[in-house]
1. Read through the list (1) buried (at least 19 other Cβ atoms within 10 Å of the Cβ); (2) closer than 24 Å to Phe68 by Cα; (3) more than 30 Å from the chain's Cα centre (by Cα), then give the number of the only condition that Lys111 fails.
2. Can you tell me which residues in the range 6-38 are outside any helix (DSSP H, G or I) and surrounded by 13 or more Cβ atoms within 10 Å (Cβ to Cβ)?
3. Residue check: is Lys506 assigned to a helix (DSSP H, G or I), at pLDDT below 80 and basic (Lys, Arg)?
4. Scan the range 291-338 residue by residue and report those that are farther than 20 Å from Ile467 by Cβ, touching a residue at least 12 places away in the same chain (Cβ under 8 Å) and not basic (Lys, Arg).
5. If the Cβ limit is 8 Å and pairs must be 6+ apart or interchain, which residue in the range 554-567 that is not assigned by TED's automatic domain parsing to the domain that holds Met591 pairs with which residue that is surrounded by 24 or more Cβ atoms within 10 Å (Cβ to Cβ) and not in a helix (DSSP H, G or I)?
6. Taking the range 60-75 as the region of interest, how many residues are at pLDDT 75 or above and not in a loop (DSSP other than H, G, I, E, B)?
7. Suppose the filter is modelled with pLDDT under 80 and either in a strand (DSSP E or B) or out of contact with any helix residue (DSSP H, G or I) (no Cβ under 8 Å at 6 or more places or on another chain) (or both); does Ala620 pass it?
8. Output the residue which, of all residues in the range 142-171 that are among the basic types (Lys, Arg) and either under 46 Å from the mean Cα position of the chain (by Cα) or not assigned by TED's automatic domain parsing to the domain that holds Ser131 (or both), is farthest from Asp110 (Cα to Cα).
Amino acid sequence: MVVNASEQIEKFQDFISDNYEQKLHQVISQGKKSLIIDFQDLAKFDPELSEQLLDDPEDTIKAIEISFEQFDISSGLSVKDAHLNLRARIINLPTSQKILIKDIRSAHIDKLMFIEGIVRQSSDVRPQITSAKFECPACGNTISILQIDTRFKEPSRCSCGRRGRFRLISKELVDAQRLVIEEPAESLDGGEQPKRISVFLKEDLVEPKMEKKTTPGSKVRIIGTIKEVPILLRTGAQSIRYDLMIESNYIEPIEETYEDIEITKEDEQEIKLLAKDPNVYRKFINSIAPSIYGHEDIKGALVLQLMGGIKKVKSDGTTTRGDMHILLVGDPGAAKSTILMYMSKVAPKARYIAGKSATAAGLTATIVKDEFLRGWALEAGAIVLANGGFCMIDELDKMDPGDRSALHEGMAQQTITISKANIQATLKCETTILAAANPKLGRFDPYQPIAAQIDLPPTLINRFDLIFPVRDIPNLEQDEKIASHVLESHQDIESKQPDIPIPLMKKYVAYARRIKPKLSDAAISEIKSFYVNLRNKETTGDENIKPIPISARQLEALIRLSEGSARLRLSQQVTKLDAKISIELLKHCLMQVGFDYETGQIDIDRIGTGIPATVRNKIAIIREIITEIESRGKKTIAIEEIIAEASVKEMNEAQVEEIIEKLKRSGDIFEPRRGFIQKI
């Protein structure tokens, strides 16, 4: 049954005076432009009216706004007399009105619905014309035209019969902004491409406070009316097909982090029971990619990465990240990609990207041309969209170096700064990165140090807390186990089930991430003694050039890993055992990647700068020899003479030639003629 307009307005007046009169006065006194109405309150007051609101939102919302005008705001002055254009904003729609972007059909046009999605683009806020008044030059008649289309509309004829151009007297402008909303990843099936829809925000929805909530990467809920947009053909004629858009009535942000995962009382009991199990760490390791045999250390590190460390904001405003970054470098076919794909299913808000197909813009953020509002719009990339979650980057070594450099700021500062066109913005990307890459020659060379074979810039390698080499070396016993494991999983698909099912694992991680463990004195003592003893180990050779086994960056990594281990046990305190687990993991990585067989020491510079202490020592010796020969009055020095002097200090010819080549590349010396060098 359709209620007539005047009856509708009267009913809304009663509804507002019963439920919202006080709120209305409050909104006006605060200078706000809209009143938020809970749909459930309207449904309780009059179910018929609430049905009408869903089926014919435009006229019904207009009726609510007219009903506001009947209320007095001060002695004798009504809302209408004060020329307050108050808007009605509806929240808390029933779940029956929720729709996925991919499911929107013509039957939903002009209905009040709500969608949830991620903001991919947001344009600048620009004034938009809503209605214009024209005057007829012949009879002086005033014609009002509503501007609903994207093109400015003028009257074609007057009631007096005159055709032609009419004089524009006045126009009404409102602020408008266009967002592009993309479906969240969890609502997609398989290899589906996420669908997008344009959303138009007007008036108070684009106020600076609201605008902050709609930056690219934010997850939002949009309540609005679905509209059709005419498509114009190249000829200027209108197409028979229409595009879809949403005219927003209200927008609210949804924080999509681990906190969003619903945990019931039964779930909580199950989580606490699992945490009491002394083998909980082992169970988690067995549950990470159970179809892959071995890689215990990597799986252990991934469990702690899931739990994460704690972000700390110091009193001086500086922050210490809590996210752990892990890099897997390995031979082809060593199941790196499978591990990454599995982790992208376990971790909430995860994005998986592959090297060659990713650009700096796709990774961080980019500026695109906005065809609707004729301005520039900001579009967020993968690591910004994964803010508060995980980003899996496969084939990191195949990325272009220019694109790869975009990761530096995101990994260390956890922000993405963009200054392009007329947009200057800093986007948050508190994202945990798990990356995989191949060695320089595709496969590890057993006769070369592993660190020298990682084809990534030292500045980027430095950002990773843990680096795991994944080697594929023939071994009879190991190969038999791997073959049996793979063949069994193919024979019976259900045979390799995880100890902890994925839904429970997600809930466990969400619950554990709410715990903020503090370092105990025993844990501090354990980490401190490991750090100090390793750095000050007895070494042979030059006292001035000692290998640096570990730096402060690794110390922070140890703290993050220890906090992750405490969270796994749902403990409020980081114990000595947690510190030992993190030390073992870090030692395993350093022994494989940073061990210098020449000195028998761990040297972090093998990874960090690419020049270990032994090489620095040899460079210093050669420089000394060159300076000494030069002091004898020789400007041009024969390489043979340097080799002869270096042989006394136990350096062979090949080593001397390698160092001379390094010095030539760095611009310290040059070769004026073959076989001779000279200082620059």
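The values are calculated or read from the model by the stated rules, or taken from the named source; none is laboratory data. Please read these numbers as outputs of a predicted model, since none were measured by experiment. Here the Cβ positions follow ideal geometry from the backbone for every residue, glycine too, while neighbour counts run over all protein chains shown.
1. (1)
2. Let us first name the residues in the range 6-38 that are outside any helix (DSSP H, G or I), namely 20, 30-38.
Across the range 6-38, the qualifying residues are Tyr20, Lys32, Lys33, Ser34, Leu35, Ile36, Ile37, Asp38.
3. Numbers: assigned to a helix (DSSP H, G or I): yes; at pLDDT below 80: no; basic (Lys, Arg): yes.
It is false that Lys506 is assigned to a helix (DSSP H, G or I), at pLDDT below 80 and basic (Lys, Arg).
4. Going through the range 291-338, the residues farther than 20 Å from Ile467 by Cβ turn out to be 291, 293, 310-320.
Filter again for touching a residue at least 12 places away in the same chain (Cβ under 8 Å), leaving 291, 293, 310-311, 319-320.
Residues satisfying the conditions are Ser291, Tyr293, Ile310, Thr319, Thr320.
5. Note: no pairs meet the criteria.
6. The total comes to 9.
7. Working: modelled with pLDDT under 80: yes; either in a strand (DSSP E or B) or out of contact with any helix residue (DSSP H, G or I) (no Cβ under 8 Å at 6 or more places or on another chain) (or both): yes.
Here the answer is yes, as Ala620 does meet what is asked.
8. To start, the set of residues in the range 142-171 that are among the basic types (Lys, Arg) comprises 151, 153, 157, 162-163, 165, 167, 171.
Narrowing further to those that are either under 46 Å from the mean Cα position of the chain (by Cα) or not assigned by TED's automatic domain parsing to the domain that holds Ser131 (or both): 151, 153, 171.
Numbers: Arg151: 21, Lys153: 22, Lys171: 26 Å.
It comes out as Lys171.
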